[in-house]
Each structure stands twice: as structure tokens, then as C-alpha cells.
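**Q** Here's a structure for you.
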Amino acid sequence: MKPLRGLAGLLLAAAFAFAAHAVEAPSANKAKGSTADHGKFKELQGPFASGEQVTEACLKCHTEAAKQVMATRHWTWDYANPATGQRLGKKTMLNSFCIADRSNEAFCNACHVGYGWKDDKFDFTSERNVDCLACHNTGQYAKIPGLAGHPPYARMEYPPKSGKFVGPVDLAAVAARVGRTSRETCGACHFYGGGGDGVKHGDLDSSLKQPPRKLDVHMAKDGGNFTCSTCHQTESHKVAGSRVAPTAADPHRPIVRGEQTARNPATCQACHGDRPHAEGPGAGLVGSVGTGTRLNNHARTLACQSCHIPAFARGGVPTKMAWDWSTAGTMNAAGKPFVKKDARGHVVFDSKKGDFTLGENVVPDYLWFDGRVEYTLVADRIDPSATVPINRFGGSPRDPAARIWPVKRFRGKQPYDLAHLTLLVPHTAIPDDTALWFNFDWDKALAAGTAAAGQPFSGKFGFAATEMLWPITHMVAPKEDALRCAECHAREGRLQGVAGVYLPGRDRLEWLDRAGFALAGLTLLGVLGHGALRVLTRGRRKENGK
Amino acid sequence: MSERIYIFKRFERFWHWTQALLIIAMLITGFEIHGSWRLFGFKQAVGLHTAAAWALITLWVFAIFWHFTTGEWRQYIPTLKNADAMFRYYVLGIFTGAPHPFRATQLKKHNPLQRLAYLLVKLVINPLVWASGLALLYYPAWHDAAGAPALGSVALLHTLGAFMMLIFLIAHVYLATTGHTPLAHIKAMITGWEEVE
């Protein structure tokens, strides 16, 4: 009787499970959990001749969406940092990768959330210029460098003169399937910054589209299956989190649902709190016995990322660790531009761009960081005799807002003006008669780039060694892969170069160790000698009648 | 003919050998944490060291209680009387077969040099290790206080205490063999009974 009843129960459970599954299975056209199937809206049936026409259709219902987007840095590429007073934003900033946006807008601004930004005449006030699909497509949508933020509307050769072709985007089909942002949509730009997969950040690349749990415990399907916006919680299109003005320390408990707070929702602590390791019983009294308490005490010194991201570029996509522009323009024996690849097929030299150093599974550098970042901008004078910092991270050991952070330390070599001592903006990417990638002529490229950037150029230039820091915060490993204690608590450990903390296992007073062990050794020798003498004189003692 | 006297009581012997075990364990794990060698791995070393520390503190609390309630603390009242004789014995007499200048009794179980050495351990080394160790354990509770010493200085004191303990241990283990037979003292520490000539 009993086994039969068990079997019936099992069958019933299976039937329920199947029914539940059938109800939950989303149709291909519906975003998961959405109350609207955009494929059913006649406004989105098309046909659409351009991205702007799709945006106009979106705005018929989402009347405030464009205004919201236009208030964000995704639109303005312009940002005044209240902490430093610096005027930042991709529009004017320098880096040591492709160097600068100015004069190259039609190429670089494929990653702008708009249509048509190819020079300084772009209309930032026109709502129809906002590109809704860039972030809200669910596939089959791509903006191509060179088209000023437009996707291809007709079959075209891409890259130019490559013999390869891309087809037009079916705007009506893409519009019918719009949905929430995803790892793919955010990643379409943020994974490819610096001109290719994984180039810039080191902790963001295409391996995060479908990451295994080992690579990213939050974003993995068999982990949290997070999208970017799960952490980078967005309100009125304003996306939380920034590498230009990051939150370096967040010493608070988790944010409670519904809590009104000015805190950044994208920090680890926003969900995990600042004492995330389980503490044993009696944690308050003799709690220091427990590993959980001891680990929690590390949180006042270390960013979570320092232990929980053991290395970056772990997903099989190498990141650029160095870029030497000074060799750009070098031709092969036949006088033609050429490309060199490493054993695995990754480009390590390109006549257009110079030499690259790639890195995979890179152990980060560590430094004190309080969230304050200062940039070297186009007008700032540099000292080319030393390595020029493209950005500087603030923070010192005594600072309660500073933590030890993992960073990618990227080294560059890039053009600067010998007379004005400023880093220079080259014109590189637009097929014309001055761009470096099409003419291999630095003089022309720098003249055109600096003119567009409104930067004085003496005509004399050299190449300065530069360095740029990137905070490492993605690719969080499962807890079993967090760093072992001795990775840092050791001589020559990961924190070897980090000053301002006494680190057991790393630090000691040389003289005390030497004196202590010497005295202990002498004591040992002394007693051994004394013992040996006793053995040797044993016979004599016996003669004495003992 | 030798006679036997009962010198070390049961608690005393338990205290001695448990303390010996814990101190040796703490020297091994402590110097691993210090970075002098690798044996258990840092995390295990810290766990063992901390657990042994609490065990030793508990033991010390009982031992202090015992010393005062039994009056045994008087065994450590320092005296220089006959200290020179003990010193001469260790340097010379022990090789020539001179008689041991000290005769243990239940009221005086330690020779003058032992008294001094153990008093040093009880009044200097133990408190130094204990206080600096607890300060290290509870570092997060005081590091932000005004005028708090640097963590490095506390660690230095703890290391200093550890070296003193190590040196004491080496000398103590050897001197345990200097009874009228090499194993006489050690047997006494195990059984409680010392053979006296």
C-alpha cells in the first residue's frame, strides 16, 4: 500500500511540475515577466527606415524616456566630478588605449546611446536622436564603428575594404522584441571598450555573457544569473556605479528593500553588508576565535574585491596590459602595413596601433584607494621624464574611507607635445587623408586631432610612458576560490608593496628576528656543549666514587 | 640509600605538562604566523594558535588560583642564598662529580636559580605574551582609540615574548636532565615523587 501511495504522489508532483513549467515558459517574443508583448503594438510594426523612427515610436508611449536618458552620462559623455572639480566624461577624457574621442566620433560613438554624433554639431536636445534599442534590444541589433551610432541600414562592407560584409538590421523585428537590458546589451559596449573584446577593463569581456560559476558567481546561470542592472540598479535611466567616481568603502549593513538611501546600490556591501562572513556563537565575547569574525575584521582594511577576485581576465579573453603607440606606422619589408599575432591568434602588433602586451589570469596590483580619482586632461602639463599617470587614485592607510583595492595597472606609450608638454589627441579612425590608421602619418594625425580637440600643438612630438589604473570589481569568484590567507600573509605575497599596515607573516623587525634566533641558537649550542662535557667527564665522576 | 619524597601534586603535574604542550604548540604555530616557516598553512596556524591561547589562559587562571589557595606561590620567592653554589655546580661541580648543592623538600622544591628563572617566566614572559597576544586578538576593538599604539609595536612585544619563551624552553628542557640521574627530575615531574639522596 505504502509504496503505491508514494508512487502516486510522485506522479502527481511530476504533473504539477510540468504544468507549472508550461505556464512559466515565456514565448520568444516576450520579455520575461513583462506585462506587455511589444510585438503586438501596431506602432512597432514598422517599417522603419532609421533608428530615429523607432525612437519616435517608443516615445509615443514612453513619453519621458528620452528626457531621462538625456540627463545621464550615457548621453552627455560629460561629467563634472564634485570630489575633484574636474570636468570629465568620455567626450574630452584621455586614456592610453585609443587615446581620445575627439575627431574620431563617427567611429568611437558607435557606443553612444544616440544616433548621429559624428562631430561637435550633434544635437544633444533632440529626443529622436536617443537610441532606445542599444540597451533594450534582445538580439540582432548592432551599431557599427564608423556610422556615428547608427546600425547598418543596408548591406555594407565592414570593416571597410576588408571584403567582409554585414547585413542591414531589421529594425521592425528588433523593435517587436524589445526588453530589459542584459549582459549582452551592456556588454556590447562595456565588454569591448578600447577597441576590442576585453581590451580595457580586464574584468569585463565577452566571457561574461554566459559565464561559468567559477568566473562570476553572480552572473553565472548556475549562480545568481544576474544581469548588470541587478547590481547597477537603475532609476529613471540613471545607472548606479562609476569607475570615474567609485565607492571605495561602504562600511554599512545591507540596504533593506524600500529603504530611502543615498548609498550606491552597486557596492558589494549594498547586498552583503560590511560583516558578510558568518560569525560563530559568542561572536561578541570571544568571537575572535572564529574565522568569520576574523575575516569580517579585514573589511575595514580591504575591499571585498581584493580577496574575492583572485585574478582578472579569467574567462579566456586576454586583456591589454600595455600599448606602445610609438611603433605605430612601422611597415613591413614591402612597405605595407601589417599585423603580428601571437601563438593563440591574438594581435600583438598592428601598423595602425603599435605594439600590445596581453594578459590572461592576471594577478592584480593592490593599492590604497578612497574613491577619489584625478585624471590628466588635455590641458594638463606632464613630466615626460617620469611615467605619466593618466589617472591617480587617492587614499592613504590612515584614511577611514580608504581600502586596499585590486587594480589593473595598464602601461601606455603615447604622443605628447615636446613644447607644450601635454598629451596629444591623434586623429585615427575616420577614413580620410589625415587619420593615422589610413595614412600612417603622425604629423597629419596629430594636427587634425589636436585641432578638433581645441588643443595647442607645436608640431613637435615625442612618446611618453604613461600608466592608467582600472579598479577591478567584476569576475567575483565563488567563495571557495577566494584568496587563501598566505597569498598576502607571507613574505613576497600579493600585498608586498602596500605600506601602512602591519601584516603578520609579511612584516617583522629584522634585528629582533636575528637577535632572537641567534640567542636561541646559542642557548641550544650552550646546553649541547654542556651535555657533551657531562658525557665526557662521566668516567672521572665514577672514579670519584659516584 | 635514597629516599622518595612527594614533591609535585596531581594538579601541578597536569598544569605543567598541559602548559608545556600548549606552549610548544604556540611556538610552532606562532612562528608560522610570523612567517618564519610554513607547516600547517596560515589559516590553520592562526586557528590553532588562538585556540591554544584560550586554553592556556584558562589553565593559567586555574593555576594562579591554585598557587594562591595552596600557598605554593611562596616557592617562587626569590633568594640569592646559595645561588652562587648552584651556579658553581652547573659550571664546574657537575663535571667533577661534586654533590648537588640543593636538596629538594616539599617546602622548597626549587633551587635558587630555578626560583629566579620561574619567577621571571611568571612575572615577565607570561604577562608580556598574554597581554600583547590579547591586544593582537582584539586589535579591531582598540585600533581606532586615540593614542593607540601601532599594531607593529604590539606585534614586536609579542615576538619578543615568544623569543624569551623559546630560549627559556631550551634551557629548561636541558636543565631537567641535571638531576642526580639524567631522568630523575623528569620522572619526578611525571610521578610526583623525587628520589633524594
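**Q** Sort A:TRP368, A:TRP405 by Cβ crowding within 10 Å, fewest neighbours at the top.
**A** Numbers: A:TRP368 21, A:TRP405 27.
Arranged by neighbour count, lowest to highest, A:TRP368, A:TRP405 become A:TRP368, A:TRP405.
**Q** Shifting gears a bit: Taking the number of other C-beta atoms within 10 Å as the exposure measure, put A:GLU157, B:GLU194 in order starting with the fewest. Intermediate values should be presented prior to the final figure.
**A** Details: A:GLU157 11, B:GLU194 23.
Sorted ascending by nearby Cβ count, the order is A:GLU157, B:GLU194.
**Q** Shape of the range A:71-209 from its Cα gyration tensor (a ≥ b ≥ c, root eigenvalues): rounded if a/c is under 1.5, otherwise prolate when a/b > b/c, or oblate? Walk me through the numbers before you get to the answer.
**A** Values: a/c = 1.41, a/b = 1.36, b/c = 1.04.
Since a/c stays below 1.5, the shape of the range A:71-209 is classed as rounded.
**Q** So if I place +1 on the C-beta of Lys and Arg and -1 on the C-beta of Asp and Glu, and nothing else carries charge, what would the dipole magnitude of the protein assembly as shown be about its Cα centre? I want it in debye, nearest 20. Spell out each step's value before the answer.
**A** On the way: 83 positive and 61 negative charges, 561 e Å.
In total the dipole reaches around 2700 debye.
**Q** What's the angle, to the nearest 10 degrees (0 to 90), between helix B:10-33's Cα axis and the longest principal axis of chain B?
**A** 40
**Q** What length, rounded to one decimal in nm, is gained on full extension from A:ALA401 through to A:ALA49, with 0.36 nm per residue of separation minus their alpha-carbon distance?
**A** Numbers: separation 352, 0.36 × 352 = 126.72 nm, distance 5.17 nm.
My answer for the length gained is 121.5 nm.
**Q** Is the shape of the range A:313-357 best called rounded, prolate or oblate, per the rule: a/c under 1.5 gives rounded, else a/b larger than b/c gives prolate, else oblate, with a ≥ b ≥ c the square roots of the Cα gyration tensor eigenvalues? Please report the intermediate quantities before stating the final value.
**A** On the way: a/c = 4.13, a/b = 1.85, b/c = 2.23.
Judged from the Cα gyration tensor, the range A:313-357 comes out oblate (a/c at least 1.5, b/c at or above a/b).
**Q** All other residues with a Cβ under 13 Å from the Cβ of A:CYS186 taken together, and with Lys, Arg as +1 and Asp, Glu as -1, what is their net charge? Mind dumping the intermediate values first?
**A** Details: positive: A:ARG180, A:ARG183, A:LYS209; negative: A:GLU184, A:ASP205.
So the surrounding residues net to +1.
**Q** Would you mind calculating the gained length between A:ASN332 and A:HIS252 on full extension (0.36 nm times residue separation, minus the Cα-Cα distance), in nm to one decimal? Can you show the working numbers first?
**A** Numbers: separation 80, 0.36 × 80 = 28.80 nm, distance 5.80 nm.
Fully extending the segment from A:ASN332 to A:HIS252 adds 23.0 nm.
**Q** With label points built 7 Å along Cα→Cβ from the Cα atoms of A:ASP37 and A:LEU418, find their separation and express it in nm.
**A** 6.9
**Q** Too long at a 26 Å Cα-Cα cut-off: which of A:LYS341/A:LYS408; A:LYS42/A:LYS238; A:LYS209/A:LYS479; A:LYS164/A:LYS352? Please list the in-between numbers first.
**A** Details: A:LYS341/A:LYS408 23 Å; A:LYS42/A:LYS238 29 Å; A:LYS209/A:LYS479 21 Å; A:LYS164/A:LYS352 19 Å.
Those over the limit are A:LYS42/A:LYS238.
**Q** Continuing with this model, one more query. Kindly provide the trypsin sites (Lys or Arg not before Pro) of the range A:97-139 that DSSP labels as loop, not H, G, I, E or B, and whose Cβ sees at most 16 other Cβ atoms within 10 Å. Don't skip to the answer; put the middle values down first.
**A** Values: sites: A:ARG102, A:LYS118, A:LYS121, A:ARG128; in loops: A:ARG102, A:LYS118, A:LYS121.
For trypsin sites (Lys or Arg not before Pro) across the range A:97-139 that sit outside H, G, I, E and B with at most 16 neighbouring Cβ atoms in 10 Å, the list reads A:LYS121.
**Q** Take the Cβ-Cβ distance between A:LYS340 and A:ARG491 as r, set R0 to 45 Å, and report the resulting FRET efficiency rounded to the nearest 0.05.
**A** Working: r = 39 Å, r/R0 = 0.86.
Result of the calculation: an efficiency of 0.70.
**Q** Residues with beta-carbon under 11 Å from that of A:TYR141, excluding A:TYR141: net charge, scoring Lys, Arg +1 and Asp, Glu -1?
**A** Working: positive: A:LYS143, A:ARG177; negative: A:ASP131, A:ASP170, A:GLU184.
Charge balance near A:TYR141 sits at -1.
**Q** Just rank B:VAL129, B:VAL121, B:VAL173, B:VAL154, fewest to most, by other beta-carbon atoms within 10 angstrom. All intermediate terms of the calculation are to be shown ahead of the outcome.
**A** Details: B:VAL129 24, B:VAL121 18, B:VAL173 14, B:VAL154 21.
With the sparsest Cβ surroundings first, the list reads B:VAL173, B:VAL121, B:VAL154, B:VAL129.
**Q** For A:500-509, what's the mean count of beta carbons from other chains sitting within 10 Å of each residue's beta carbon? Numbers along the way, then the final one.
**A** Working: counts 0, 3, 9, 4, 12, 9, 2, 6, 7, 6.
If you average over the peptide's residues, the count of other-chain Cβ atoms is 6.
**Q** Now for a different question. What helices does chain A hold that run 24 Å or longer along their axis, going by alpha-carbon atoms, with a Kyte-Doolittle average of -1.0 or more, using DSSP H for the helix calls?
**A** On the way: long enough: A:2-24 (33 Å, 1.12); A:510-536 (38 Å, 0.96).
Counting only whole DSSP H runs, the qualifying helices are A:2-24, A:510-536.
Laboratory data are not the source of any read-out in this text; all were calculated from the coordinates shown. Keep in mind that this is a model prediction, so the values were computed, not measured. Here Cβ is always computed from backbone atoms with ideal geometry, including for glycine, and neighbour counts include all displayed protein chains.
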